[in-house]
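Engineer: Could you have a look at this structure, given as structure tokens, before my questions?
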């Protein structure tokens with residue numbers, strides 16, 4: 001029997017053109033000012049003595065701040081705006097990413113991290129030269145720089161567009177302000193400023209999520225009503241064990257495909273690797289990844305519950321199919337204005353939270369681009385430079401890449417439908433990069449010929465299926481969107497529909513209907529496996545078994561056994577503490 005449901009909130013289809021009060025702009029400005037102050041504090045703390053201090057925070061960071069920074073840079077505005085919309089349209093299957101996060105963190109911490117940390121590298125692409133040759137290092141670095149600039153510009157512009165169209169928040173003013181402040185504290189404070197601003201942004205983003213969740217619970221009269229509506233609307237159908245790789249989201253596509261997708265970020269992407277390599281010890285680096293796992297779970301839970309709350313509120317009057325908003329990414333900003341608009345400053349808090357996620361992603365990209373440029377393109381090919389010159393160059397590159405990413409945001413503004421395509425293309429090339437790193441770390445017989453051949457084949461195959469899926473979008477029976485209704489909107493000019501699926505723009509021949517319908521989560525998986533398999537075969541056929549590889553470049557049994565030694569030492573420490581505590585409590 002359904003629990004009693006209080007009257008639903010009043011929708012505001014005709015929202016005024018200027019929905020933000022002065023206090024909302026004040027909250028947003030306070031967020032930007034606080035970020036800048038953190039950068040100034042880190043710069044004048046007296047710890048940035050060398051360019052290594054600037055780029056790697058002196059390799060003296062602790063696990064706590066790094067863990068929250070990893071989570072914050074992983075959580076872009078796409079998470080804040082896109083994940084709740086995903087739950088709203090497709091249901092809670094997306095929550096299965098909690099399982100793939102476990103695999104990603106364990107593999108990153110126990111396989112990739114020991115090798116990187118042992119080598120003491122600054123740029124992750126330095127490993128490719130140590131393991132293969134300079135050409136492979138340059139290939140990986142060039143690909144990373146190009147794709148990161150494009151991705152960062154898009155991340156900077158896209159949420160601003162969604163927030164502007166729904167909330168009336170100033171579009172280019174917010175883009176420019178965000179870009180300038182981000183560049184300012186990156187240039188002034190280096191990685192240390194990026195880490196501590198990420199901590200601040202993480203807290204702020206979670207605060208925005210919680211404001212939405214609490215108000216939704218108040219409006220709906222408690223958690224039970226929200227879950228009942230979600231169950232009634234089919235949003236709680238969690239487990240789907242279909243082995244079909246063409247289905248968009250199943251248990252297998254999310255756990256397997258999601259693991260490969262995010263492992264390419266935590267295992268072979270400069271943004272994330274740079275953070276845990278800046279920790280003071282290897283144990284701190286490992287702990288930062290495991291604490292980050294808890295933070296990722298918490299973010300995912302908040303985003304999922306926001307999506308369920310949004311469905312419960314709009315289950316009979318969907319703003320998207322009613323054409324109140326144009327795109328799914330605008331659903332969350334619309335919800336903010338609808339249910340929080342009467343609370344001064346709270347809409348501004350959520351906008352600040354969304355932009356905080358953007359700041360974390362953009363600052364991570366700017367800082368990592370500077371590191372890759374210095375370590376992979378300048379230091380290996382120019383005569384030794386003094387610390388003063390390297391420090392000035394580090395700051396200058398942060399300033400340059402901030403301006404480049406801001407310019408890319410302007411380019412993104414005219415790309416229209418290519419925005420999502422660009423984001424998808426960025427994801428396609430993470431798989432082949434992960435493939436060549438995995439090949440080198442796991443197989444002692446892998447050589448440069450095999451790595452290059454596998455990389456090229458991986459790029460070709462992942463590009464083929466990825467770009468093809470953009471030209472021939474998967475049909476509704478592959479993506480399985482759930483029912484959305486406008487039955488209760490009571491507006492004659494709104495059309496009631498039973499599905500949000502749109503027909504493909506082009507007819508789909510039988511081959512394309514299967515090959516190009518591969519789940520987007522398998523793009524990275526496909527690229528990784530093709531790279532790894534081709535690289536293995538070519539290495540074996542070109543004398544890979546005859547080469548002598550430095551064992552420090554490989555994941556070996558000592559790395560595997562070290563995990564058990566570490567766990568044993570923790571168990572011994574805990575046992576001794578418990579024994580001493582028991583002795584103190586025994587009556588004399």
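The values are calculated or read from the model by the stated rules, or taken from the named source; none is laboratory data. On a predicted model such as this, the values are computed, not experimentally measured, just so you know. Cβ atoms come from the backbone with ideal geometry, glycine included; neighbour counts cover every protein chain shown.
Engineer: Restricting to the stretch 92-121, what's the tally of residues that are farther than 21 Å from residue 292 by Cα and either assigned to a helix (DSSP H, G or I) or in contact with a helix residue (DSSP H, G or I) (Cβ under 8 Å, 6 or more places away or on another chain) (or both)? Spell out the reasoning first.
Structural biologist: Initially, the stretch 92-121 is screened for residues farther than 21 Å from residue 292 by Cα, giving 92-93, 118-121.
Still in the list and also either assigned to a helix (DSSP H, G or I) or in contact with a helix residue (DSSP H, G or I) (Cβ under 8 Å, 6 or more places away or on another chain) (or both): 92-93, 118-119, 121.
Adding up the residues that qualify gives 5.
Engineer: Within the stretch 373-477, which helices (runs of 4 or more DSSP H) (wholly inside it) include 3 or more residues that are assigned by TED's automatic domain parsing to the domain that holds residue 269, modelled with pLDDT under 90 and farther than 20 Å from residue 272 by Cβ?
Structural biologist: Values: elements: 387-412, 418-428, 430-442, 448-471.
Hits in the stretch 373-477: 387-412, 418-428, 448-471.
Engineer: Here is a further query. Whether any residue in the stretch 219-233 is surrounded by fewer than 22 Cβ atoms within 10 Å (Cβ to Cβ) and under 20 Å from the mean Cα position of the chain (by Cα) is what I want to check.
Structural biologist: Scanning the stretch 219-233 turns up no residue that is surrounded by fewer than 22 Cβ atoms within 10 Å (Cβ to Cβ) and under 20 Å from the mean Cα position of the chain (by Cα).
Engineer: Might you check whether a residue that is touching a residue at least 60 places away in the same chain (Cβ under 8 Å), surrounded by 24 or more Cβ atoms within 10 Å (Cβ to Cβ), within 30 Å of residue 112 (Cβ to Cβ) and assigned by TED's automatic domain parsing to the domain that holds residue 271 occurs anywhere in the stretch 175-185?
Structural biologist: For the stretch 175-185, residues touching a residue at least 60 places away in the same chain (Cβ under 8 Å), surrounded by 24 or more Cβ atoms within 10 Å (Cβ to Cβ), within 30 Å of residue 112 (Cβ to Cβ) and assigned by TED's automatic domain parsing to the domain that holds residue 271: present.
Engineer: Here is a further query. Would you point out which residue out of 77, 71, 85 is modelled with pLDDT under 85 and surrounded by 19 or more Cβ atoms within 10 Å (Cβ to Cβ)?
Structural biologist: Step by step, each of 77, 71, 85 is checked, and only 77 is modelled with pLDDT under 85 and surrounded by 19 or more Cβ atoms within 10 Å (Cβ to Cβ).
Engineer: How many residues are touching a helix residue (DSSP H, G or I) at 6+ places or on another chain (Cβ under 6 Å) and more than 30 Å from residue 173 (Cα to Cα) if we restrict to the stretch 131-157?
Structural biologist: Selection size over the stretch 131-157: 7.
Engineer: If you take the residues in the stretch 1-25 that are at pLDDT 80 or above and in contact with a helix residue (DSSP H, G or I) (Cβ under 7 Å, 6 or more places away or on another chain), which one is surrounded by the most Cβ atoms within 10 Å (Cβ to Cβ)?
Structural biologist: Kept after step one, since they are at pLDDT 80 or above, are these residues of the stretch 1-25: 22-25.
Subset that is in contact with a helix residue (DSSP H, G or I) (Cβ under 7 Å, 6 or more places away or on another chain): 23-25.
Details: 23: 15, 24: 23, 25: 17.
That would be 24.
Engineer: Further question on the same structure: Regarding the stretch 37-59, can at least one residue be identified that is modelled with pLDDT of 90 or more and surrounded by fewer than 23 Cβ atoms within 10 Å (Cβ to Cβ)?
Structural biologist: Within the stretch 37-59, one or more residues are modelled with pLDDT of 90 or more and surrounded by fewer than 23 Cβ atoms within 10 Å (Cβ to Cβ).
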